[in-house]
Each structure stands twice: as C-alpha cells, then as structure tokens.
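Peer 1: Here you go, one structure.
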C-alpha cells in the first residue's frame with residue numbers, strides 16, 4: 001500500500017471534517033478492487049477472483065445530536081443534507097451510495113442517530129475499480145463502529161451490495177463489496193458467490209506487475225446493458241429449468257443443456273450463457289494454474305476471457321479492444337482483458353516487471369494514435385480490506 005498517499009488523503013479528509021464540524025472524527029479506509037478473472041459470473045452464483053488494491057476511499061464520520069445527515073464529498077466539493085426520517089435518492093448520485101447503506105441498516109433494525117460525514121479518495125471514478133463499492137463499505141464499516149451495531153464483515157458487504165441494488169438501482173453481484181471488505185495483501189480471493197465461501201489464493205510473484213490501462217471513456221449504455229445481461233442470463237436459466245428443475249442458476253448449468261434448451265430458442269441468450277458457464281470453468285482452471293505458479297497459462301485464460309466478453313457477452317467496446325490488441329503480441333504481457341461491467345473503464349494486464357515502462361510507453365503511444373486519447377495508467381498492488389485508521 002502507498003502509505004504516503006493514504007496519509008495525505010487522510011490528512012485532507014480529516015482537515016475538512018474538522019473545518020466543517022469542529023470535531024474529531026472516526027476515520028475509515030476502504031479499498032477499490034481489481035478482478036483477475038471471472039467477470040459477470042458473480043450475479044450468476046458463479047466464482048470470481050478479485051483482490052483489494054492500494055487505491056482507497058477515506059471516510060471521516062461523527063455522531064450528531066439530531067437525526068440529520070450531513071454529507072460532504074471532498075472530490076466533488078459538494079455537500080448534501082438528508083434526514084434519517086426520510087431517506088430519498090439525491091440528484092447528485094454520490095450521496096446515494098451512503099444513504100442507501102443507512103437505509104439498509106435501518107431496515108435491518110439497527111438504531112442510529114444523525115451523522116456528519118466527509119470522504120475523499122484516489123480510486124479513479126468510471127475506471128471499473130469499484131469506487132462506489134468502496135464508499136458503501138466504508139460507510140457500513142464506519143456506522144458499525146460508530147454505533148456499535150455488532151455487524152460481522154460478511155453482513156457489511158451484503159448491506160453495501162443491497163444498498164447498490166435497491167437504493168442506487170444497479171443489480172450488481174457481491175464481488176466488489178466482498179473484495180473491498182475481505183481483501184488481504186498479496187492474495188486474491190476465490191469467492192463462491194452461491195454460498196459466500198472463499199479461499200485466498202497467493203499472488204506474490206515479484207517478477208510480475210498488475211498494470212491497468214484506463215480507456216478514459218465510459219459509454220452511456222453501461223448500466224442499462226448490465227441489467228439487460230442479467231435478465232438474459234435469468235431467461236436462459238428459465239429455459240433450462242423447464243427440463244431440469246434442479247438448475248437454479250448458470251452455476252448449475254452445463255454446455256450441453258445450453259445447446260439443447262437455449263440455443264434453439266434464442267441465439268443471443270445462448271451466447272451470453274455460454275460465456276458465463278465457460279468463464280466459471282476458466283476461473284477454476286486459472287486458480288489451479290496459480291497454485292502451480294503457472295502464470296503463463298493463467299495469462300492465456302485472461303485473453304480468452306476478453307474474447308468471450310467481446311464476442312459472446314458483448315460488453316466490450318472499441319477502446320477496450322484496442323488496448324488488448326496493442327499488448328497481445330508482446331511476450332512481456334502474459335495476459336490482458338477488459339475488467340468490470342464493460343463499455344469503458346480499464347483493461348487489466350499481467351506484465352513482466354522489467355518491461356513495464358516499455359509496455360506503458362508503447363501502449364500509450366498506440367492508443368493515442370488510434371483514439372486521440374491518452375490512457376491513464378495505474379500499477380496496482382494488492383491491499384488489505386476495509387479498516388479503521390483511527
């Protein structure tokens with residue numbers, strides 16, 4: 001973790017809080033995440049392989065003597081005021097990630113009073129690194145500490161997910177929130193989204209770097225297409241269920257069932273489901289690769305994932321495809337793919353450490369030539385999950 005950046009961000013958030021509220025706050029850190037493989041499998045009860053990274057939301061919070069909720073975003077330089085007695089969506093979006101968590105905790109019967117809250121972060125927004133999940137998890141974690149709610153880490157992640165599903169309106173799976181809460185340094189999390197069991201997979205090869213290239217675009221159809229893909233997967237399951245009632249999700253389905261019961265009805269839905277079923281298997285094989293330190297094989301699976309996301313799940317875009325194509329023929333890049341919901345955001349790349357500067361230069365120049373944009377570049381280190389700073 002970049003302790004210098006965290007300390008600087010912590011100082012800015014703490015200073016702003018004390019300026020606004022003349023009080024000493026509780027400070028919480030919550031990280032963004034990457035996902036090495038297993039994309040769009042979480043809401044299909046599949047497996048994912050995320051990790052928390054050294055990009056964070058820092059949140060300062062303190063109790064009020066009334067039921068008002070005073071929120072301030074350091075990055076947006078905006079303030080929003082709400083009340084516990086009438087939690088409604090804002091016109092700004094960013095407050096909704098916080099208010100949704102408060103609503104979920106209240107619905108679960110937890111007693112709270114008003115709060116003052118300031119937050120800031122260095123997680124790039126719109127890059128697919130889950131700044132929203134980090135904010136939700138920071139909020140839930142902080143409220144749990146502030147009011148002694150006695151919530152365990154899994155419930156913190158589930159509460160944060162429910163806030164995004166029900167208040168914000170994005171039907172995401174649990175992966176982002178789980179990674180933010182349960183992250184560990186130099187470890188990936190093999191998360192089973194059906195029962196929330198998880199296993200830590202070591203990822204500490206000193207000769208490799210995780211390099212993120214940010215397209216600097218976020219196409220407007222991202223959220224609507226996300227929800228549409230989820231509905232298509234559910235429809236595919238319903239077609240199989242008519243013949244195999246034991247199939248509750250695509251986690252339970254196999255390729256033969258898809259060919260027999262889905263493909264004749266809807267070719268597009270078949271492609272969506274084929275990708276997901278294949279990706280779940282690819283992740284399991286990829287974890288076996290990592291346990292054998294076979295990073296070459298793992299990297300090839302990353303390229304396979306991108307192909308599926310591009311051509312079968314159809315959530316990529318020209319900019320993401322360009323970034324993957326630019327690294328495809330370099331021996332120094334073991335694997336690359338788009339990461340996150342799609343239609344913009346980042347590609348994630350496994351790059352041999354001595355060649356990082358060379359690859360960054362080549363890709364940046366190539367991307368600029370093809371798109372007229374400079375990609376933002378991040379080197380991600382695996383980090384610990386949500387925690388109290390003080």
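Peer 1: Can you sort 196, 295, 119 so the residue with the fewest Cβ neighbours within 10 Å comes first?
Peer 2: Numbers: 196 13, 295 18, 119 29.
Ranked by crowding around the Cβ, least crowded first: 196, 295, 119.
Peer 1: Sum -39500 (n - 2.57) across every DSSP H segment of at least 4 residues in the chain, then divide by the residue count to get the 222 nm mean residue ellipticity, nearest 500. Please report the intermediate quantities before stating the final value.
Peer 2: Details: 10 runs with 156 residues, N = 390.
Calculated at 222 nm, the ellipticity per residue is -13000 deg cm²/dmol.
Peer 1: Given contacts defined as C-alpha pairs under 8 Å and at least six residues apart, what's the relative contact order of the chain, whole-number percent?
Peer 2: 23 percent.
Peer 1: What are the radius of gyration and Dmax of the stretch 272-340, computed over its Cα atoms and given in Å?
Peer 2: Final numbers for Rg and Dmax: 12.1, 34 Å.
Peer 1: Next question, about the same structure. Please give the length that would be gained between residue 365 and residue 254 if that part of the chain were fully extended, namely 0.36 nm times their separation in residues minus their C-alpha to C-alpha distance (nm, one decimal). Mind dumping the intermediate values first?
Peer 2: On the way: separation 111, 0.36 × 111 = 39.96 nm, distance 4.25 nm.
Length difference between fully extended and current span is 35.7 nm.
Peer 1: Once you compute Rg and the Kirkwood Rh from C-alpha atoms, what is the Rg to Rh ratio for the stretch 309-390?
Peer 2: Numbers: Rg = 14.4 Å, Rh = 14.0 Å.
Rounded to two decimals, Rg/Rh equals 1.03.
Peer 1: At a Förster distance of 25 Å, what's the computed FRET efficiency of residue 63 paired with residue 199, Cβ-Cβ distance as r, to 0.05? The partial results should precede the final answer.
Peer 2: Working: r = 38 Å, r/R0 = 1.53.
So, using R0 = 25 Å, E works out to roughly 0.05.
Peer 1: Based on the alpha carbon coordinates of the stretch 1-147, what radius of gyration and maximum Cα-Cα distance (Dmax) apply, in Å?
Peer 2: 15.6, 47
Peer 1: Provide the percentage of antiparallel DSSP beta bridges, counting only those with both residues in the chain; round to the nearest 5.
Peer 2: On the way: 52 of 57 bridges.
Roughly 90 percent of the beta bridges in the chain run antiparallel, per DSSP.
Peer 1: Report Rg (one decimal) and Dmax (nearest whole number) for the stretch 237-309, counting Cα atoms only, units Å.
Peer 2: Rg then Dmax for the stretch 237-309, in Å: 14.2, 42.
Peer 1: Rank the residues 244, 40 as a footprinting-exposure proxy: fewest other Cβ atoms within 10 Å of their Cβ go first. Don't skip to the answer; put the middle values down first.
Peer 2: Details: 244 16, 40 26.
Listed from fewest to most nearby Cβ atoms, that is 244, 40.
Peer 1: Give me 182, 141, 274, 303 sorted ascending by neighbouring Cβ count inside 10 Å, so fewest comes first.
Peer 2: Working: 182 24, 141 29, 274 21, 303 16.
Fewest to most other Cβ atoms nearby, the residues stand as 303, 274, 182, 141.
Peer 1: Still on this structure, I have one more. Would you mind computing the Rg to Rh ratio of the stretch 188-272 from its alpha-carbon coordinates, Kirkwood style for Rh? The partial results should precede the final answer.
Peer 2: Values: Rg = 17.7 Å, Rh = 16.0 Å.
Checking Rg against Rh, the ratio lands at 1.11.
Peer 1: Take the alpha carbon gyration tensor of the stretch 208-380, find the square roots of its eigenvalues, order them as a ≥ b ≥ c, and report rounded if a/c is under 1.5; if not, report prolate when a/b exceeds b/c, else oblate. Mind dumping the intermediate values first?
Peer 2: Details: a/c = 2.97, a/b = 1.66, b/c = 1.78.
Verdict is oblate for the stretch 208-380.
Peer 1: Quick one: if you stick a label point 7 Å off each Cα along the C-beta vector at residue 332 and residue 381, how many nm between them?
Peer 2: 2.1 nm
Peer 1: Next up: On the principal axes of its Cα set, how long, how wide and how thick is the chain? Give whole Å, largest value first.
Peer 2: 61, 53, 39
Values quoted throughout were computed directly from the atomic coordinates according to the rules given, and no laboratory measurement underlies them. Keep in mind that what you see is a predicted model, and the values were worked out from it rather than measured. Note that each Cβ is placed from the backbone with ideal geometry, even for glycine, and that neighbours are counted across all protein chains shown.
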